[in-house]
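The values are calculated or read from the model by the stated rules, or taken from the named source; none is laboratory data. Please read all numbers here as calculations on a predicted model, not as lab measurements. Every residue, glycine as well, gets a Cβ built from its backbone with ideal geometry; the counts of neighbours run over all protein chains shown.
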Amino acid sequence: MIASASVVEKLIPNLAQFAGNDLVVTSPRDGAVLATLRLDTAAEVDAKIAASVVAFRAWRDIPAPRRGELIRQLGDKLRAHKEDLAQLVTLECGKILEEGRGEVQEMIDICDFAVGLSRQLYGLTIQSERPNHVMQENWLPLGPVGIISAFNFPVAVWSWNSALALVCGDSCLWKPSEKTPLTALAVQNMLDEVCKDFPEAPANLSQVILGTYEQGNQMVEDARVPLISATGSSRMGRIVGPKVAARFGRTLLELGGNNAMIITPSADLAIAIPSILFGSVGTAGQRCTSTRRVLVHRSLFDQVFETLKKAYAQIGESKIGDPLSASTLVGPLIDKLAFDAMQAKLAEVRGEALEVFGGQRVQEDRGADAYYVHPALVKLPHQVEAVKEETFAPLTYVIPYDSLEEALEIHNDVPQGLSSAVMTTDVRDAEFFKRYSDCGIANVNIGTSGAEIGGAFGGEKETGGGRESGSDSWRAYMRRQTSTTYFGHERPALAQGITFDV
Ligand code: UN1
């Protein structure tokens, strides 16, 4: 157990600098006030963007492997502070400590990835159709990157963006969720410390913008920020996307999910059930990759539902509670709004459900402003309209199907397209699923959540289309330049065989 104030003071010794009366930061654990902050004014946001442009102009000229060295040192700093930062993550967003540690590990992993990447920002050479010409592709730094992060992964998703953006030669502006600004200030302090002893790092290479919708919106509308990478709801993306497009900026959108797992007749249930549990109730259902729907072959429908019910009952007995306690599996919801949204959705589906298990607030009093719930399972006769909206809470629908073709129809019949999974021991079913799942992530015998950083992360449709983290996601943070060079002595030929003799 920690004294909450101590980890805040330890990681943000300069907290007084940010103190004010604009924003009360509370812990979802017990509603305790962690800090009261002052938000950036419009003039301050403007100045930070201007400073980010200046920082970019210096940073882009530092060799990429040196930029990678900065990220290597950030990774070391994170290693040294892993436990403290994990506790702060838990305190501020309510995820259990084990998952807080996982979140910091994810930051360390992407730092390692980015260090290697800093020597691998490869472009192509292309065969020219003309004699004595060479063509090549250059990848060049883009500019200040505006990062809008969500409360549920308050620091890992920032690191996916910033570790790559920084090795790519960009500067960063970070508008964290107003629900989790302290973890952002803590991480910013770590990066500042690394930069302090790194002569090539310009001032203001990475800055935090403290704010709500307003400050985020200012960054979104500012043409000096060529890329906005935003994580949050599809509703938010629907506002951000067109605004950035209107000024011909780029977006990298990581929005809502409605992730399903398909249980085929050949599924190994000893593998499937734990995967459903981690995906559905892990992080109290507050991951964009959380399992929202379990599509079960009719031959297993009742059996899977009953097995899940038993597991949920066990969780309900002793595993819901203080996220800092080692025996807890399900911590609190982020706030009352999340609790109300879950209750509203349960009320909406109840009439159509065959059975509803769980969903009620945990009675034991942990404070009026802490919202702990029993994860909910909803058994449906078929997929209903209410399911198509993402509810950011531990609320999972169990739905039957008869053929795999039908399962994929049901699977794809939602507006979102982030993550998906199939449980099967039949290779034909696995390949059919991968071919026809319309999601950015399609797993086999693995749950929908908990992706590694090495792959590109993101999804289709209302999930926004962006790809972050591994694979070649780095390209989003650079601009591509095609360059043709003529090295002959004669008058050069024109492409497409055109003659133009004067
Ligand atoms: C998110 O919920 O926004 O795949 C990100 C996962 C994590 C990242 C989730 N690695 O569940």
task = Test residue 273 against the criterion of being out of contact with any strand residue (DSSP E or B) (no Cβ under 7 Å at 6 or more places or on another chain), more than 26 Å from residue 86 (Cα to Cα), crowded, with 17+ Cβ neighbours inside 10 Å and among the aliphatic types (A, V, I, L, M), and give yes or no.
result = yes
key: Qualifying residue in segment 228-246 (condition: closer than 23 Å to residue 60 by Cβ and over 21 Å from the mean Cα position of the chain (by Cα))   = no
inquiry  = Name the single residue that is nearest to residue 463 (Cα to Cα) among those in segment 252-270 being more than 16 Å from the ligand (Cβ to nearest atom) and buried (at least 16 other Cβ atoms within 10 Å of the Cβ).
reply    = 262
ask   = List pairs: first in segment 441-459 and free of Cβ contacts under 8 Å to residues at least 40 places away in the same chain, second of a type in the set (Phe, Trp, Tyr) and more than 8 Å from the ligand (Cβ to nearest atom), Cβ under 8 Å, 6+ apart or cross-chain?
value = 442/433; 444/433
request  = Of the numbered conditions (1) closer than 22 Å to residue 151 by Cβ; (2) more than 16 Å from the ligand (Cβ to nearest atom); (3) of a type outside the set (Asp, Glu), residue 474 fails exactly one; give the number of that condition.
outcome  = (1)
message = Filter segment 215-237 down to the residues that are farther than 19 Å from residue 142 by Cα and either within 16 Å of the ligand (Cβ to nearest atom) or without any contact (Cβ under 8 Å) to a residue 60 or more places away in the chain (or both) and list them by number.
response = 217, 231, 232, 233, 234, 235, 236, 237
ask   = within 16 Å of the ligand (Cβ to nearest atom) and either modelled with pLDDT of 95 or more or of a type in the set (Val, Ile, Thr) (or both), is that true of residue 275?
value = yes
task = List every residue pair whose Cβ atoms sit under 7 Å apart, with the two residues 6 or more apart in sequence or on different chains, where the first one lies in segment 290-304 and is part of a strand (DSSP E or B) and the second, anywhere, is surrounded by fewer than 18 Cβ atoms within 10 Å (Cβ to Cβ).
result = 297/265
ask   = Which of the residues that make up segment 333-369 are at pLDDT 95 or above and acidic (Asp, Glu)?
value = 335, 340, 348, 352, 355
request  = Being within 16 Å of the ligand (Cβ to nearest atom) and of a type in the set (Gly, Ala, Ser) is the filter; apply it to segment 397-435 and report the residue that is nearest to residue 446 (Cα to Cα).
outcome  = 421
request  = Output the strands (runs of 3 or more DSSP E) that fall wholly within segment 409-488 and possess 1 or more residues being hydroxyl-bearing (Ser, Thr, Tyr), or say none.
outcome  = 419-423, 478-486
ask   = For residues in segment 123-175 being surrounded by fewer than 24 Cβ atoms within 10 Å (Cβ to Cβ) and acidic (Asp, Glu), which is farthest from the ligand (Cβ to nearest atom)?
value = 129
query = If you go through segment 87-112 one residue at a time, how many are under 17 Å from the mean Cα position of the chain (by Cα) and among the hydrophobic types (A, V, I, L, M, F, W, C)?
reply = 7
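Listed here are the residues, each with its yes/no results for (1) touching a Leu at 6+ places or on another chain (Cβ under 6 Å); (2) of a type in the set (D, E, K, R); (3) closer than 25 Å to residue 302 by Cβ.
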{"residue": "379", "(1), (2), (3)": "yes, yes, yes"}
{"residue": "383", "(1), (2), (3)": "no, no, yes"}
{"residue": "394", "(1), (2), (3)": "no, no, yes"}
{"residue": "466", "(1), (2), (3)": "yes, no, no"}
Positions within segment 171-205 being under 19 Å from residue 47 (Cβ atoms), in contact (Cβ under 8 Å) with a residue 60 or more places away in the chain and either in contact with a Phe, Trp or Tyr (Cβ under 9 Å, 6 or more places away or on another chain) or in a loop (DSSP other than H, G, I, E, B) (or both), in sequence order = 171, 172, 181, 185, 202, 203, 204, 205
inquiry  = Condition first: within 16 Å of the ligand (Cβ to nearest atom) and crowded, with 21+ Cβ neighbours inside 10 Å. Can you find one or more residues in segment 303-315 that meet it?
reply    = no
Residue that is surrounded by the fewest Cβ atoms within 10 Å (Cβ to Cβ), among those in segment 401-416 that are over 19 Å from residue 290 (Cα atoms) and in contact with a helix residue (DSSP H, G or I) (Cβ under 7 Å, 6 or more places away or on another chain) = 402
inquiry  = I'd like to check something: does segment 52-60 contain any residue that is closer than 22 Å to residue 182 by Cα and out of contact with any Lys or Arg (no Cβ under 9 Å at 6 or more places or on another chain)?
reply    = no
query = Got a number for residues in segment 370-400 being part of a loop (DSSP other than H, G, I, E, B) and either buried (at least 16 other Cβ atoms within 10 Å of the Cβ) or outside the structural domain of residue 273 (by TED's automatic domain parsing) (or both)?
reply = 13
